[in-house]
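Before any comments, here is the structure.
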Amino acid sequence: MDKSEVISKLSFCGLDCSRCADYENGEIRSLSLNLSELLNGYERLAKMKADNAPIFRGYPEFVNILGHFAKGTCGGCRSDNVQCPLECHAKTCCKEHNVDFCFECNEFPCDKQFQGKLRERWIYLNNRMKEIGVENYFIEQSKMPRY
């Protein structure tokens, strides 16, 4: 995978958009769509099972949550269709400084980005990217749990 492809999947702050549950082209969306199709019509059986296995009483809620994951409406932080719930200044700031990632900026780490634990993670991720390179960082991140 070349750097431009990696850049399209990583956000400016270093998070991997492609593994996010809301990413429109992500594996979570794809697997959720597949599971939704495989479970099509299961509602009747879930109702029958609910008498012996009460967990199935929550099946309609599960279907709603699975449907949400199957929608995957975010195009990622580098797109015009960003759905990320984090208040992030990195996109605007990186564009102003003409860099792809925060660590490439002379002002990194600035005071504009995040607070508390999220800030610590942001600094760690950017320092790691700087240390091993963007492509190796992406490979390393892809082997770790997203959440």
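The values are calculated or read from the model by the stated rules, or taken from the named source; none is laboratory data. Note that this is a predicted model, so its numbers are computed, not measured. Cβ coordinates were reconstructed from backbone atoms using ideal geometry, including for glycine residues, and neighbour counts include every protein chain displayed.
Below, the figures for the structure above:
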| item | result |
| --- | --- |
| Odd one out for LEU33, checked against (1) in contact with a Cys (Cβ under 6 Å, 6 or more places away or on another chain); (2) at pLDDT 95 or above | (1) |
| All positions within the range 96-140 that are basic (Lys, Arg) and free of Cβ contacts under 8 Å to residues at least 12 places away in the same chain | LYS117, ARG119, ARG121 |
| Close pairs (7 angstrom Cβ cut-off, 6 or more residues apart or separate chains): among the hydroxyl-bearing types (Ser, Thr, Tyr) in the range 24-43, not in a loop (DSSP other than H, G, I, E, B) anywhere | SER32/LEU66; SER32/PHE69; SER32/ALA70; SER36/LEU66; SER36/GLY67; SER36/ALA70 |
| Residues of the range 92-145 that turn out to be of a type in the set (D, E, K, R), surrounded by 13 or more Cβ atoms within 10 Å (Cβ to Cβ) and over 16 Å from VAL6 (Cα atoms), as a count | 2 |
| ALA21, sole failed condition from (1) surrounded by fewer than 13 Cβ atoms within 10 Å (Cβ to Cβ); (2) in contact with a helix residue (DSSP H, G or I) (Cβ under 8 Å, 6 or more places away or on another chain) | (1) |
| Residue among GLY67, GLY58 that is modelled with pLDDT of 95 or more, surrounded by 12 or more Cβ atoms within 10 Å (Cβ to Cβ) and touching a helix residue (DSSP H, G or I) at 6+ places or on another chain (Cβ under 8 Å) | GLY67 |
